[in-house]
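The values are calculated or read from the model by the stated rules, or taken from the named source; none is laboratory data. Keep in mind that what you see is a predicted model, and the values were worked out from it rather than measured. Note that we place each Cβ from the backbone using ideal geometry, even for glycine, and neighbour counts take in every protein chain shown.
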Amino acid sequence: MTPSHRLDLLTDALLHYGRRKSTDLEVQLLQRLDKAEKISILAQEDISSVIREAPVLVSEGEMEEKGDGASPTDTEINKWKRDYIIKLIQLEIWDS
């Protein structure tokens, strides 16, 4: 193959690839949007689950301990959940 033919072949291949990518772009973007929406819904469900199970009451950005008589060891075990919820609330306040 001569250098000029090789250059023509590569040019044609890249033009074909570029056209194919541009026509598939909107399909790929729609698929990514659907996937992102599904992940967002799952994340919201997980956050709601953590908030329901946490040993704290969450209301209007303030947190109060539940009065269920949890032992100190239970409080220490669930400390990460409480910290996580506090950080989520702070993030929501800062994003608003």
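Below is a table of values for the structure above.
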{"item": "Residue 71 modelled with pLDDT of 75 or more and among the hydroxyl-bearing types (Ser, Thr, Tyr)", "result": "no"}
{"item": "Residues satisfying the stated conditions in region 1-60, i.e. surrounded by 10 or more Cβ atoms within 10 Å (Cβ to Cβ), of a type in the set (Asp, Glu) and more than 30 Å from residue 78 (Cα to Cα)", "result": "8, 12, 24, 34"}
